[in-house]
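Chemist: I am attaching a structure below and will ask some questions about it afterwards.
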Amino acid sequence: MKSGYHHGDLRNALIAAAVELAVEGGPERVVLREAARRVGVSPTAAYRHFDGQAELLHAVQVAGQVALADALEAGAAQVPGDPEEVAEERFMAMGRAYIHFAMERPGLYRSAFCRVPGSPDDAWTGTRPGGSEPQYRAFNLLSSALDELLATGRMPAHRRPTAEASAWAMVHGMADLVLDGPFSLLPEGEREAVIDGAVRTVLAGLLAP
(Lines give C-alpha, C1' and ligand atoms only; values in the text may rest on other atoms or scores of the structure.)
Protein backbone atom coordinates (compact mmCIF):
# COMPACT_ATOMS: atom_id res chain seq x y z
CA MET A 1 0.00 0.00 0.00
CA LYS A 2 1.29 3.44 -0.89
CA SER A 3 2.19 5.71 1.99
CA GLY A 4 -0.47 8.30 2.75
CA TYR A 5 -3.20 6.51 0.80
CA HIS A 6 -6.74 6.76 2.23
CA HIS A 7 -9.21 3.95 1.61
CA GLY A 8 -12.16 6.29 1.58
CA ASP A 9 -11.05 7.86 -1.69
CA LEU A 10 -10.10 4.71 -3.57
CA ARG A 11 -12.63 5.16 -6.36
CA ASN A 12 -11.38 8.64 -7.22
CA ALA A 13 -7.77 7.52 -6.90
CA LEU A 14 -8.42 4.73 -9.40
CA ILE A 15 -10.08 7.16 -11.80
CA ALA A 16 -7.13 9.55 -11.53
CA ALA A 17 -4.72 6.70 -12.25
CA ALA A 18 -6.85 5.57 -15.20
CA VAL A 19 -6.89 9.11 -16.60
CA GLU A 20 -3.08 9.09 -16.43
CA LEU A 21 -3.09 5.85 -18.40
CA ALA A 22 -5.43 7.38 -20.99
CA VAL A 23 -3.18 10.42 -21.33
CA GLU A 24 -0.25 8.10 -21.95
CA GLY A 25 -1.84 5.84 -24.51
CA GLY A 26 -5.54 6.40 -25.12
CA PRO A 27 -8.44 4.15 -24.16
CA GLU A 28 -6.50 0.95 -24.90
CA ARG A 29 -4.19 1.73 -21.97
CA VAL A 30 -7.04 1.99 -19.46
CA VAL A 31 -6.82 -1.32 -17.62
CA LEU A 32 -8.33 -1.77 -14.16
CA ARG A 33 -5.50 -3.95 -12.89
CA GLU A 34 -2.90 -1.41 -14.01
CA ALA A 35 -4.82 1.43 -12.35
CA ALA A 36 -4.92 -0.62 -9.15
CA ARG A 37 -1.19 -1.25 -9.38
CA ARG A 38 -0.48 2.45 -9.77
CA VAL A 39 -2.60 3.32 -6.78
CA GLY A 40 -0.98 0.55 -4.74
CA VAL A 41 -3.96 -1.71 -4.06
CA SER A 42 -4.90 -5.19 -5.15
CA PRO A 43 -7.15 -5.84 -8.16
CA THR A 44 -9.67 -7.30 -5.72
CA ALA A 45 -9.89 -3.96 -3.92
CA ALA A 46 -10.35 -2.16 -7.24
CA TYR A 47 -13.18 -4.47 -8.27
CA ARG A 48 -15.09 -3.42 -5.16
CA HIS A 49 -15.48 0.00 -6.79
CA PHE A 50 -15.81 -0.92 -10.47
CA ASP A 51 -17.68 -3.85 -11.97
CA GLY A 52 -15.09 -4.14 -14.71
CA GLN A 53 -13.13 -2.51 -17.47
CA ALA A 54 -16.09 -0.80 -19.13
CA GLU A 55 -17.16 1.01 -15.98
CA LEU A 56 -13.68 2.39 -15.38
CA LEU A 57 -13.33 3.42 -19.03
CA HIS A 58 -16.65 5.24 -18.82
CA ALA A 59 -15.36 7.18 -15.81
CA VAL A 60 -12.29 8.15 -17.85
CA GLN A 61 -14.53 9.13 -20.76
CA VAL A 62 -16.48 11.46 -18.48
CA ALA A 63 -13.23 12.95 -17.16
CA GLY A 64 -12.08 13.55 -20.74
CA GLN A 65 -15.33 15.27 -21.65
CA VAL A 66 -15.06 17.47 -18.57
CA ALA A 67 -11.50 18.42 -19.51
CA LEU A 68 -12.67 19.24 -23.04
CA ALA A 69 -15.46 21.43 -21.66
CA ASP A 70 -12.94 23.24 -19.47
CA ALA A 71 -10.83 23.89 -22.58
CA LEU A 72 -13.84 25.26 -24.47
CA GLU A 73 -14.73 27.57 -21.60
CA ALA A 74 -11.15 28.78 -21.37
CA GLY A 75 -11.13 29.47 -25.11
CA ALA A 76 -14.36 31.47 -24.93
CA ALA A 77 -13.08 33.37 -21.89
CA GLN A 78 -10.23 34.75 -24.00
CA VAL A 79 -12.83 36.80 -25.88
CA PRO A 80 -14.34 39.10 -23.25
CA GLY A 81 -17.12 41.53 -23.97
CA ASP A 82 -20.82 41.83 -24.62
CA PRO A 83 -22.18 38.56 -26.11
CA GLU A 84 -23.97 40.56 -28.80
CA GLU A 85 -20.65 41.95 -29.96
CA VAL A 86 -18.41 38.90 -29.64
CA ALA A 87 -20.70 35.92 -30.31
CA GLU A 88 -18.90 35.02 -33.53
CA GLU A 89 -15.43 35.40 -32.03
CA ARG A 90 -16.37 33.23 -29.04
CA PHE A 91 -17.73 30.53 -31.29
CA MET A 92 -14.50 30.47 -33.29
CA ALA A 93 -12.40 30.49 -30.12
CA MET A 94 -14.25 27.42 -28.90
CA GLY A 95 -13.69 25.67 -32.22
CA ARG A 96 -9.96 26.35 -32.07
CA ALA A 97 -9.85 25.24 -28.43
CA TYR A 98 -11.52 21.94 -29.37
CA ILE A 99 -8.90 21.19 -32.01
CA HIS A 100 -6.00 22.26 -29.81
CA PHE A 101 -7.28 20.05 -26.99
CA ALA A 102 -7.04 17.08 -29.35
CA MET A 103 -3.52 18.08 -30.35
CA GLU A 104 -2.27 18.70 -26.82
CA ARG A 105 -3.96 15.78 -25.05
CA PRO A 106 -4.49 13.15 -27.76
CA GLY A 107 -4.81 10.16 -25.44
CA LEU A 108 -7.47 11.81 -23.31
CA TYR A 109 -9.23 13.17 -26.41
CA ARG A 110 -9.48 9.71 -27.91
CA SER A 111 -10.71 8.32 -24.60
CA ALA A 112 -13.35 11.03 -24.34
CA PHE A 113 -14.89 9.86 -27.61
CA CYS A 114 -14.35 6.12 -27.45
CA ARG A 115 -17.39 3.86 -27.52
CA VAL A 116 -18.16 2.13 -24.21
CA PRO A 117 -20.90 -0.47 -24.84
CA GLY A 118 -23.36 -0.72 -22.01
CA SER A 119 -22.43 2.61 -20.45
CA PRO A 120 -25.13 5.08 -19.35
CA ASP A 121 -24.32 7.24 -22.40
CA ASP A 122 -24.26 4.46 -24.97
CA ALA A 123 -27.69 5.41 -26.37
CA TRP A 124 -26.96 9.14 -26.71
CA THR A 125 -26.96 10.09 -30.40
CA GLY A 126 -25.16 13.43 -30.06
CA THR A 127 -27.84 15.29 -32.00
CA ARG A 128 -29.75 16.58 -28.96
CA PRO A 129 -28.87 17.75 -25.45
CA GLY A 130 -27.84 14.84 -23.26
CA GLY A 131 -28.70 16.34 -19.89
CA SER A 132 -27.02 18.24 -17.10
CA GLU A 133 -24.45 15.55 -16.26
CA PRO A 134 -20.76 16.58 -16.53
CA GLN A 135 -20.12 14.51 -19.66
CA TYR A 136 -22.57 16.64 -21.64
CA ARG A 137 -21.17 20.03 -20.64
CA ALA A 138 -19.07 20.43 -23.80
CA PHE A 139 -22.13 19.76 -25.97
CA ASN A 140 -24.20 22.17 -23.90
CA LEU A 141 -21.54 24.85 -24.27
CA LEU A 142 -21.76 24.42 -28.04
CA SER A 143 -25.53 24.73 -27.84
CA SER A 144 -25.24 27.93 -25.82
CA ALA A 145 -22.78 29.42 -28.31
CA LEU A 146 -25.18 28.63 -31.16
CA ASP A 147 -28.07 30.12 -29.21
CA GLU A 148 -26.05 33.33 -28.89
CA LEU A 149 -25.51 33.43 -32.65
CA LEU A 150 -29.25 33.02 -33.14
CA ALA A 151 -30.24 35.53 -30.46
CA THR A 152 -27.95 38.20 -31.88
CA GLY A 153 -29.38 37.75 -35.36
CA ARG A 154 -26.17 36.38 -36.83
CA MET A 155 -27.54 32.93 -37.61
CA PRO A 156 -30.80 32.44 -39.55
CA ALA A 157 -33.46 30.59 -37.56
CA HIS A 158 -33.80 27.85 -40.18
CA ARG A 159 -30.18 26.74 -39.57
CA ARG A 160 -30.54 26.34 -35.81
CA PRO A 161 -32.22 22.87 -35.61
CA THR A 162 -29.24 20.95 -37.00
CA ALA A 163 -26.49 23.38 -36.04
CA GLU A 164 -24.93 21.28 -33.26
CA ALA A 165 -24.48 18.24 -35.49
CA SER A 166 -23.05 20.27 -38.37
CA ALA A 167 -20.61 22.32 -36.29
CA TRP A 168 -19.47 19.39 -34.17
CA ALA A 169 -18.93 17.09 -37.15
CA MET A 170 -16.82 19.62 -39.03
CA VAL A 171 -14.64 20.64 -36.08
CA HIS A 172 -14.21 17.06 -34.87
CA GLY A 173 -13.26 15.96 -38.37
CA MET A 174 -10.68 18.72 -38.53
CA ALA A 175 -9.28 17.65 -35.16
CA ASP A 176 -8.90 14.08 -36.41
CA LEU A 177 -7.12 15.22 -39.57
CA VAL A 178 -4.71 17.33 -37.54
CA LEU A 179 -4.16 14.59 -34.98
CA ASP A 180 -3.93 11.45 -37.11
CA GLY A 181 -4.23 12.55 -40.72
CA PRO A 182 -2.12 14.38 -43.28
CA PHE A 183 -2.52 17.76 -41.58
CA SER A 184 -0.32 16.43 -38.77
CA LEU A 185 2.62 16.79 -41.19
CA LEU A 186 2.10 20.52 -41.75
CA PRO A 187 4.54 23.04 -40.25
CA GLU A 188 3.04 24.72 -37.20
CA GLY A 189 2.30 28.05 -38.88
CA GLU A 190 0.62 26.46 -41.88
CA ARG A 191 -1.30 24.07 -39.66
CA GLU A 192 -2.66 26.94 -37.55
CA ALA A 193 -3.72 28.77 -40.71
CA VAL A 194 -5.61 25.66 -41.88
CA ILE A 195 -7.29 25.32 -38.48
CA ASP A 196 -8.31 28.98 -38.47
CA GLY A 197 -9.65 28.71 -42.01
CA ALA A 198 -11.68 25.63 -41.18
CA VAL A 199 -13.26 27.21 -38.10
CA ARG A 200 -14.11 30.34 -40.08
CA THR A 201 -15.70 28.20 -42.81
CA VAL A 202 -17.84 26.42 -40.21
CA LEU A 203 -19.04 29.76 -38.91
CA ALA A 204 -19.68 31.13 -42.41
CA GLY A 205 -21.86 28.12 -43.20
CA LEU A 206 -23.93 28.64 -40.07
CA LEU A 207 -24.40 32.34 -40.79
CA ALA A 208 -25.26 31.97 -44.48
CA PRO A 209 -28.78 33.14 -45.44
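Chemist: Would you mind calculating the relative contact order of the chain from Cα pairs under 8 angstrom and at least 6 residues apart, reporting the percent as a whole number?
Modeler: Averaging sequence separation for qualifying contacts and normalising by length gives 21 percent for the chain.
Chemist: Residue-wise, which Karplus ³J(HN,Hα) couplings in Hz belong to region 111-127, taking 6.51 cos²θ - 1.76 cosθ + 1.60, θ = phi - 60°, and x for glycine or proline?
Modeler: 5, 5, 10, 6, 8, 10, x, x, 6, x, 9, 5, 8, 6, 8, x, 9
Chemist: Let me ask something additional. Could you tell me which trypsin sites (Lys or Arg not before Pro) in region 81-134 are loop residues by DSSP with no more than 11 other beta carbons within 10 angstrom of their beta carbon?
Modeler: Listed in order of number, the matching sites are R115.
Chemist: Carbon and sulfur together cover what percent of the accessible area of the chain at a 1.4 Å probe radius?
Modeler: 56 percent
Chemist: Work out, in µm²/s and without decimals, the Stokes-Einstein translational diffusion coefficient of region 136-209 at 20 °C, 1.002 mPa s, Rh from Kirkwood over C-alpha pairs.
Modeler: Working: Rh = 13.3 Å.
For the chosen part, D equals 161 µm²/s.
Chemist: Give the distance, in whole Å, between the Cα centre of region 26-82 and the Cα centre of region 88-126.
Modeler: 13 Å
Chemist: With every protein chain present, what is the per residue accessible area of region 66-182 (1.4 Å probe, Å²)?
Modeler: 48 Å²
Chemist: Does region 1-110 come out rounded, prolate or oblate, given a ≥ b ≥ c as the square roots of the eigenvalues of its C-alpha gyration tensor, rounded meaning a/c under 1.5 and, failing that, prolate meaning a/b above b/c?
Modeler: Prolate, since a/c reaches 1.5 and a/b exceeds b/c.
The values are calculated or read from the model by the stated rules, or taken from the named source; none is laboratory data. This structure is a prediction, so every number in the text was calculated from the model and none was measured. Cβ: placed from backbone, ideal geometry, glycine included. Neighbour counts: every protein chain shown. For the accessible areas, the whole protein counts, side chains as well, though only heavy atoms, and no ligand, DNA or RNA atoms are used. Shrake-Rupley method; radii C 1.70, N 1.55, O 1.52, S 1.80 Å.
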